[in-house]
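Scroll down for the structure; my scribbles are underneath it.
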Amino acid sequence: MSESREIRLPIELCAAVEKKFGKTFGSIEEMVLFLLQELAKSETTDLDRADQAVIEERLRELGYI
């Protein structure tokens, strides 16, 4: 993997994410990396509106947007 950057997230948000997604992702870093990679793919611009709305809602719930 290439160089990394640090981001800061509220502790309460991290705890909620770990509780909700801990079994799916090994860490918050893995989940954020996965989400950003999916969003960065060129195909994500071709999502239908329903799929895009689901992704945006999930990111809102996580406090990213």
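The values are calculated or read from the model by the stated rules, or taken from the named source; none is laboratory data. Please read these numbers as outputs of a predicted model, since none were measured by experiment. Cβ: placed from backbone, ideal geometry, glycine included. Neighbour counts: every protein chain shown.
So here's what we get for this one:
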read-out	value
Scope region 26-43; condition within 12 Å of the chain's Cα centre (by Cα), more than 19 Å from Ile65 (Cβ to Cβ) and not hydroxyl-bearing (Ser, Thr, Tyr); matching residues	Glu30
Residues of region 35-65 classified as surrounded by 13 or more Cβ atoms within 10 Å (Cβ to Cβ), modelled with pLDDT of 85 or more and under 23 Å from Ser2 (Cα atoms), total	1
Of all residues in region 6-22 being aliphatic (A, V, I, L, M) and part of a helix (DSSP H, G or I), the one that is surrounded by the fewest Cβ atoms within 10 Å (Cβ to Cβ)	Ile11
